[in-house]
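The next block holds one structure in the form of structure tokens; read it before the comments.
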Amino acid sequence: REVGKVLTRMQDNGFEAYVAGECVRDSILGRKPFGWDVVTNANLDQLKAALPEAEVFSSKYGVVRLEYIHEVTDKETGESLETGFIVDVASYRKNAQYKNGKLTGAEATQNIEADLACREFTIDAIAENNTKLCDPYEGREDIRKRLIRTVGDADSMFKDDPIRMMKAVRIAAELGF
């Protein structure tokens, strides 16, 4: 519900907004995402104006964060635990560069397809909102087939950042792909 409100708020302010990436994959698989990624054509100043309660998570990459975390008490142990989820709202990016699994550079773009082209795996290059589904690399089909494929040339991607191979192995182990 809260993620839908974020999408609606961005759209009401005149921007595109989609949930994208791992949270979409997890939802398709029936798993509950802890973190939600919303991508938009709004820049950081526009994000701050549309979502004034959000905290700036990254000025460099135009990311704000909303936390829907609350404390609960475990009935059996009496232990205090946190539950909830996080919503990161980021400006669309293209030409993303990674090193050791971390984003080191990217350019802003106004295009959701260019943003999805920066994703590592087809199963994470899916975006959707209440009116549109973007799945240019057939990630939903790969989820159905339980297949991990790269977006673009695998040799180049793994050479640029060998940590991506470990990420593929982790995803395969966690999901049985």
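Whenever a residue of the range 9-29 is free of Cβ contacts under 8 Å to residues at least 24 places away in the same chain, it has no partner that is open to solvent by 40 Å² or more (accessible area, probe 1.4 Å) and basic (Lys, Arg) lying with C-beta atoms less than 6 angstrom away and at least six residues away or across chains.
To keep it simple, each residue is scored yes or no on (1) open to solvent by 70 Å² or more (accessible area, probe 1.4 Å); (2) among the charged types (D, E, K, R); (3) within 21 Å of Val24 (Cβ to Cβ); (4) in contact with a strand residue (DSSP E or B) (Cβ under 6 Å, 6 or more places away or on another chain).
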position	(1), (2), (3), (4)
Ala54	no, no, yes, yes
Arg65	no, yes, yes, yes
Glu76	yes, yes, no, no
Leu81	no, no, no, yes
Gly84	no, no, yes, yes
Ala90	no, no, yes, yes
Tyr98	no, no, yes, no
Thr109	no, no, yes, yes
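Summed over the range 155-177, residues that are open to solvent by less than 50 Å² (accessible area, probe 1.4 Å) and at pLDDT 95 or above total 5.
When the criteria are applied in full, Lys99 meets the requirement of being of a type outside the set (A, V, I, L, M, F, W, C) and more than 18 Å from Trp36 (Cα to Cα). Of the residues screened, Asp37 is not one that is at pLDDT 90 or above, out of contact with any helix residue (DSSP H, G or I) (no Cβ under 8 Å at 6 or more places or on another chain) and closer than 30 Å to Glu138 by Cα. Selection of the range 85-99 for residues being within 26 Å of Val19 (Cβ to Cβ) and at pLDDT below 85 yields Asn95, Ala96, Gln97, Tyr98. The numbered conditions (1) within 30 Å of Lys145 (Cβ to Cβ); (2) in contact with an Asp or Glu (Cβ under 9 Å, 6 or more places away or on another chain); (3) open to solvent by less than 30 Å² (accessible area, probe 1.4 Å) are all true for Asp37 except (3). Within the range 1-34, the set of residues being more than 26 Å from Arg144 (Cα to Cα), buried (at least 18 other Cβ atoms within 10 Å of the Cβ) and not hydrophobic (A, V, I, L, M, F, W, C) comprises just one member, Glu16. Counting only helices (runs of 4 or more DSSP H) that sit wholly inside the range 74-175, those with at least 1 residues that are free of Cβ contacts under 8 Å to residues at least 24 places away in the same chain and of a type in the set (Ser, Thr, Tyr) are 154-160.
The values are calculated or read from the model by the stated rules, or taken from the named source; none is laboratory data. No experiment lies behind these values; they were computed from the predicted model shown. Counting neighbours? That spans all protein chains shown, and the Cβs are built from the backbone with ideal geometry, glycine included. Calculation scope for accessible area: heavy atoms of the full protein, side chains included, ligands and nucleic acids excluded. Shrake-Rupley method; radii C 1.70, N 1.55, O 1.52, S 1.80 Å.
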